[in-house]
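S.K.: Below is a structure I'd like to ask you about.
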Amino acid sequence: MLRAAGPRVERHALTVEELGALTLPVSDDGIVVGVDQERTPAVLGLFRPEPYEISFVGGAYLIQVIALRAAALGARVAIESGRPHLWSPMAQQAGGGQQCITVHPVGRLGPQGPSASSPVLVVRDCGARPPRNRLAATPWQTTLTLLPFLDPRLAGRLADADLVGLQRVSPVEADSAARALQLSEPDGAALPSLADELTLWCTGRTRRYVLLTPTQAEITFLGPPRRLD
């Protein structure tokens with residue numbers, strides 16, 4: 001069988017040494033964090049040309065999925081945590097040997113130097129009363145603060161975040177969150193009974209329930225979805 005000869009053009013190739021100079025910007029299309037009530041993919045736009053703050057009240061499982069998916073997009077993930085046992089195995093196995101996810105003790109995370117071509121997700125897992133963030137707010141850097149439970153005395157700080165995620169919480173925590181975020185009565189009442197896979201995401205104008213649908217690879221890696229760590 002004869003094949004037509006294609007156009008004769010110069011081949012484009014890079015040496016191994018030149019690969020490090022090749023960078024591709026990550027767009028603001030974001031990552032899929034699940035599906036909403038209409039079974040529509042819910043996309044979280046993580047990286048922007050301005051600082052972005054997320055507060056999340058719940059378990060580490062969903063944040064681990066977000067970290068893995070952000071790293072898969074080419075972003076760097078820096079985790080500040082007092083629970084290295086929770087994050088280090090994931091960081092060591094992610095990235096195929098590349099240090100795309102790093103784990104740092106609380107208070108020891110230095111400037112990350114984010115840019116449009118190298119955005120950064122900072123995960124702060126520092127307990128329900130995290131210390132002051134030492135990192136300056138920077139474009140192309142998103143800070144995600146993970147709170148294992150909501151301290152009613154600090155609930156008002158939720159309103160300062162650009163985006164808030166709420167998983168299942170106690171009735172007292174639900175009341176505090178509802179007041180801080182001006183949730184409707186049905187939303188406030190639903191929080192104590194949310195399924196492990198369900199999160200209520202809130203901005204200043206919108207409320208959206210999202211069901212996490214981990215891939216089989218993520219389930220193999222992290223186990224099934226869970227609310228408690």
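S.K.: For residues that are open to solvent by 30 Å² or more (accessible area, probe 1.4 Å) and aliphatic (A, V, I, L, M), tally how many sit in segment 194-224.
M.R.: The number of residues fulfilling the criteria is 5.
S.K.: Also, I was wondering about something else. From the residues in segment 149-166 that are open to solvent by less than 40 Å² (accessible area, probe 1.4 Å) and touching a residue at least 40 places away in the same chain (Cβ under 8 Å), which one is nearest to residue 192 (Cα to Cα)?
M.R.: Checking each candidate, the answer is 166.
S.K.: So residue 227 fits all but one of (1) open to solvent by 50 Å² or more (accessible area, probe 1.4 Å); (2) in contact with a helix residue (DSSP H, G or I) (Cβ under 9 Å, 6 or more places away or on another chain); (3) farther than 21 Å from residue 93 by Cα; what number is the exception?
M.R.: (1)
S.K.: Turning to a different aspect of this structure: If I ask for residues that are in contact with a helix residue (DSSP H, G or I) (Cβ under 8 Å, 6 or more places away or on another chain) and within 16 Å of residue 199 (Cα to Cα), which ones from segment 58-80 would you list?
M.R.: 60, 61, 64, 65
S.K.: Then there is this: Out of the residues in segment 167-191 that are of a type in the set (Asp, Glu) and either touching a Gly at 6+ places or on another chain (Cβ under 9 Å) or touching a residue at least 60 places away in the same chain (Cβ under 8 Å) (or both), which is nearest to residue 63 (Cα to Cα)?
M.R.: Selected residue: 173.
S.K.: Also, I was wondering about something else. Within the group 109, 144, 150, 121, which residue is in contact with an Asp or Glu (Cβ under 6 Å, 6 or more places away or on another chain) and under 18 Å from residue 67 (Cβ atoms)?
M.R.: Only one candidate qualifies: 109.
S.K.: Let me ask something else about it. Of the residues 170, 176, 118, only one is more than 18 Å from the chain's Cα centre (by Cα), of a type in the set (S, T, N, Q) and open to solvent by less than 40 Å² (accessible area, probe 1.4 Å); which?
M.R.: Of 170, 176, 118, the one residue that is more than 18 Å from the chain's Cα centre (by Cα), of a type in the set (S, T, N, Q) and open to solvent by less than 40 Å² (accessible area, probe 1.4 Å) is 176.
S.K.: Still on this structure, I have one more. What are the residues in segment 131-146 that are open to solvent by less than 40 Å² (accessible area, probe 1.4 Å), modelled with pLDDT of 95 or more and of a type outside the set (Val, Ile, Thr), if any?
M.R.: 141, 144, 146 - these are the residues of segment 131-146 that are open to solvent by less than 40 Å² (accessible area, probe 1.4 Å), modelled with pLDDT of 95 or more and of a type outside the set (Val, Ile, Thr).
S.K.: Within segment 115-135, which residues are touching a residue at least 60 places away in the same chain (Cβ under 8 Å) and outside any strand (DSSP E or B)?
M.R.: 116, 117, 119
S.K.: Kindly indicate whether any position in segment 50-68 is polar (S, T, N, Q), loosely packed, with under 14 Cβ neighbours inside 10 Å, at pLDDT 80 or above and closer than 30 Å to residue 169 by Cβ.
M.R.: Checking segment 50-68: not a single residue is polar (S, T, N, Q), loosely packed, with under 14 Cβ neighbours inside 10 Å, at pLDDT 80 or above and closer than 30 Å to residue 169 by Cβ.
S.K.: Another one. When segment 188-204 is examined, which residues are found to be modelled with pLDDT under 95 and closer than 21 Å to residue 66 by Cα?
M.R.: 203
S.K.: Tell me, yes or no, whether segment 81-99 has at least one residue that is touching a helix residue (DSSP H, G or I) at 6+ places or on another chain (Cβ under 6 Å), surrounded by 21 or more Cβ atoms within 10 Å (Cβ to Cβ) and aliphatic (A, V, I, L, M).
M.R.: No, every residue in segment 81-99 fails to be touching a helix residue (DSSP H, G or I) at 6+ places or on another chain (Cβ under 6 Å), surrounded by 21 or more Cβ atoms within 10 Å (Cβ to Cβ) and aliphatic (A, V, I, L, M).
S.K.: Could you please find all residues in segment 185-229 being closer than 18 Å to residue 36 by Cα and among the aliphatic types (A, V, I, L, M)?
M.R.: Listed by number, the residues that qualify are 190, 191, 194, 195, 198, 200, 210, 211, 212.
S.K.: If I go through segment 92-143 residue by residue, how many of them are more than 24 Å from residue 30 (Cβ to Cβ) and of a type in the set (D, E, K, R)?
M.R.: Residues in segment 92-143 being more than 24 Å from residue 30 (Cβ to Cβ) and of a type in the set (D, E, K, R): 4 in total.
The values are calculated or read from the model by the stated rules, or taken from the named source; none is laboratory data. No experiment lies behind these values; they were computed from the predicted model shown. Every residue, glycine as well, gets a Cβ built from its backbone with ideal geometry; the counts of neighbours run over all protein chains shown. When the accessible area is computed, the model is the full protein with side chains, heavy atoms only, and any ligands, DNA or RNA have been set aside. Shrake-Rupley method; radii C 1.70, N 1.55, O 1.52, S 1.80 Å.
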